[in-house]
Amino acid sequence: MNWMGNLQQLGRSLMLPTMALPVAAVLLWLGVLPWDAVSLGEVGELLQFTGQLIILYLPYLFAVGVAMGLTDNGGTAAMSALLSYFMFTQITERFTGTAMQLGIFGGIMIGVLAAFSYHRFRFIQLPEYIQFFGGPRFVPLFMSVVTIFFSGLVVAFGPAVQRMFGEVGEFLLSLGGFGAFLYGFGYRLLVPSGLHHILNNVYWFQLGSFQLPDGTMVYGDIPRFFSGDPTAGTYMAGLYPIMMFALPAVAFAIIQEAREDLKPKIRTTFLTAALASFLTGVTEPIEFAFLFVAPYLFFIHAVLSGAAMWIADILNIHHGFSYSAGAIDFVINMHLAKNEWLILPIGILYFLLYYFLFRYAIVKYQLPTPGREEGSTINEFAGDIPYRSTLILQALGGKNNIKTIEACITRLRLTLVNDKHMDINALKNLGAAGVISLGSGNVQVVFGTFSELIREEIVRITKKDIRQVLFNSPVMGRMVPLEDVPDQIFSKKIVGNGVAFIPERGELVSPVSGEITLVYPSLHALGITTDEGLEVLLHVGIDTSHLNGKYFTCMVKQGDRVEAGQQLLKFNLNKVRQNAKSLATPMLITNSDRIKSWSFAPFKSVKQGQASVMSVILKEELQAIGGQANG
């Protein structure tokens, strides 16, 4: 059984219901504004009541959200979960006198059962005379029966289960500051795997209980906090110094230690990342900048995160959030907090500690953080990343390599047929902050808050009937715009459109599969016609024809069939550099009038044969021609 894949999917599904929490937080904040001063006190009461309703019905949202998350947004599963949770609460209330308060845990259980039923029975075939109840219609029917038995078990054993949950909760709460430290430490260590959502669910939605004035019980640090429990917020307050101050300090340290020629670009990238962390608590773009180059620093970061939780507990700070521990949540939830002002001096101390610690470590151990070398492990999270989705899809191994693709706030969560077909260098070149392989084809690719947009675009691309041609890098070196080539025939796109490369090794490989249709006598250039009919020209260096083949060795001849990545030429890099105007090597499509649209990867260092440097979509008439040829 693929446990890691199942945990990954469960972790994502637990995120869906929490999307309603910011709505509750805003409504509760608006509700405490001075409405009485303008004779609109009932408006404030209405807003408060509405916000509390969301908190009260969180178990229903978790039942639906988990069912949807585990079934790729299966509507039948979601409806079945909602129906079942309603039946569960009514049955238990009918036979016990009060609805059994399993809270969000009960909602998760119902959601998991609904998802299992959906996967197991959505294609079931019954005898023809009752087939009306077959297929997806069988799922709510089956879940209704399951819910009756489940409710019966809860009626019989529910009190014992509640006592057990209560005892476990009391034990964890009795650990006090040390327990908060363990949570903060574990939370931070699980962030790279994306499994921190499962740990958070225990502490934020299960731990501790609070009784509302009407007798209703709410469970977990977040529901208790928004319900007015003065003891809640223990497992959230200590995250504010980390997300608002510590990680932005890391961003400033990375900027400060970047090379001067790269500093402007790094400054733009990491000031944006620092602002995102400060305002919204989205930290992965910063954390992945040092996670892989200095794992021991990440371990220290986890220890300091736990220490912040412990300090907040010692100082009796209680604060909470609906989304994450950023400045927005800090402000709108202050009316429910206690000693929240102490977070600011703690945060300043943490900022200074992290800033000087990371600057010292970067310089002392020569850490290759972004901006320290060309091949940095994180690139800018620019707004054009969603438009690189065709290239990202290729770097993942193509649509046939993807079993499932989901996204949470900051990362793509994928199950691949073969994760060895994934090009990690290409993904990082396209803006991925990190790539995490969890085994059995389960992969996470961190693209920051663009992840959901990228997923939607990839899903759209895979469903459309379009013809693409994808290009690999023909050399190891640096990719540059065609306009930078010091020859107007190429820079003005007179010959054709495409990109160019500055090679760092004297080897040229095929960027596509096709037939060699042209080999220049001087061996400095050759042409390839792809299966789709595109004519590709590769031209090594500028003004190299006069070398008459000197310093060049050709591995192919006209009429040969070549595959992407196959070696075409070898050349003496130093000699060509000395005798040519430039090493710039254009890769052109000479019949570019047949192209509908172009996509280019960022212009930076690439590996030889690296996927996803250029992608084109063909015009419809060319697709038809290609279809006839392949037919």
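Structural remarks
- Placing +1 on the Cβ of every Lys and Arg and -1 on the Cβ of every Asp and Glu, with nothing else charged, gives the chain a dipole about its Cα centre of roughly 1500 debye.
- Whole-number accessible area per residue in Å² for the chain, which is evaluated in the context of all protein chains at 1.4 Å: 44 Å²
- Average Cα contact separation per residue, the range 220-273, under 8 Å, 6 or more apart, as relative contact order %: 24 percent
- Figure note: Glu42, Glu483 ranked by solvent-accessible area, largest first, 1.4 Å probe, ligands and nucleic acids not counted: Glu42, Glu483.
- Contact order relative to length of the chain, as percent, for alpha carbon pairs under 8 angstrom and 6 or more apart: 11 percent
- Computed extension length for Lys596-Glu45: 192.7 nm, one decimal, from 0.36 nm per residue of separation with the Cα-Cα distance subtracted.
- Fraction in percent of alpha-carbon pairs per bin - 5 Å, the range 405-505: 2, 11, 15, 17, 16, 14, 12, 8, 4, 1, 0
- 3J(HN,Hα) from dihedral phi, the range 195-206, Karplus parametrisation 6.51/-1.76/1.60, rounded to Hz, x for glycine, proline: 8, 5, 5, 5, 4, 4, 4, 5, 7, 7, 10, 10
- Exposure ranking of Tyr85, Tyr365, Tyr323 by accessible area [1.4 Å probe, largest first]: Tyr365, Tyr323, Tyr85
- Added length on full extension, which subtracts the Cα-Cα distance from 0.36 nm per residue, Gln90 to Val331: 82.9 nm
- Answer label, with volume of the Cα convex hull per residue in Å³ calculated from the coordinates and candidates (1) 181; (2) 202; (3) 211: (2)
- Solvent exposure of Met422, expressed as accessible area, is near 20 Å², computed with a probe of 1.4 Å over the protein chains only.
- Under 5 Å, built H, 5+ apart or other chain: amide partners of Val606: Gly477, Arg478, Met479
- Per DSSP, loop trypsin sites (Lys or Arg not before Pro) in the range 247-284 with at most 16 further Cβ within 10 Å: Arg259
- Electrostatic tally near Gln211: other residues with Cβ closer than 15 Å to its Cβ, Lys and Arg +1, Asp and Glu -1, net -1.
- Apportionment of accessible area to carbon and sulfur, the chain, percent (1.4 Å): 61 percent
- Coupling constants for the range 45-59 follow from the phi torsions by the Karplus curve (6.51 cos²θ - 1.76 cosθ + 1.60, θ = phi - 60°), and in residue order they are 4, 5, 5, 4, 4, 5, x, 5, 4, 4, 5, 5, 9, 4, x Hz; glycine and proline get x.
- If the segment from Lys338 to Phe603 were pulled out straight at 0.36 nm per residue, it would be longer than the present Cα-Cα gap by 90.4 nm.
- Rolling a 1.4 Å probe across all protein chains gives Ile300 an accessible area of roughly 70 Å².
- Placing Trp598, Trp29 in order of accessible area, with the largest value first and a 1.4 Å probe, yields Trp29, Trp598.
- Residues in the range 285-308 that a label on Thr268 would reach, taking backbone N under 19 Å of a point 7 Å out along Cα→Cβ: 285-286
- Net charge of Cβ neighbours under 12 Å - reference Ser227; Lys, Arg +1; Asp, Glu -1: -2
- Folded to 0 to 90 degrees: helix 103-121 orientation relative to the chain principal axis, Cα: 50 degrees
- Ligands, DNA and RNA excluded, the heavy atoms of Arg478 present near 110 Å² of accessible surface to a 1.4 Å solvent probe.
- Cα-Cα over 23 Å, subset of Lys464/Lys619; Lys581/Lys604; Lys428/Lys464; Lys492/Lys607; Lys492/Lys581: Lys428/Lys464; Lys492/Lys607
- Estimated purely from DSSP H runs of n ≥ 4, each contributing -39500 (n - 2.57), the mean residue ellipticity at 222 nm for the chain is -14500 deg cm²/dmol once divided by its residues.
The values are calculated or read from the model by the stated rules, or taken from the named source; none is laboratory data. Being a predicted model, the structure only gives us computed values, none of them experimental. Glycine gets a Cβ as well: all are built from the backbone with ideal geometry, and neighbour counts include every protein chain shown. With ligands, DNA and RNA removed, areas are computed over all heavy atoms of the protein, side chains included. Shrake-Rupley method; radii C 1.70, N 1.55, O 1.52, S 1.80 Å.
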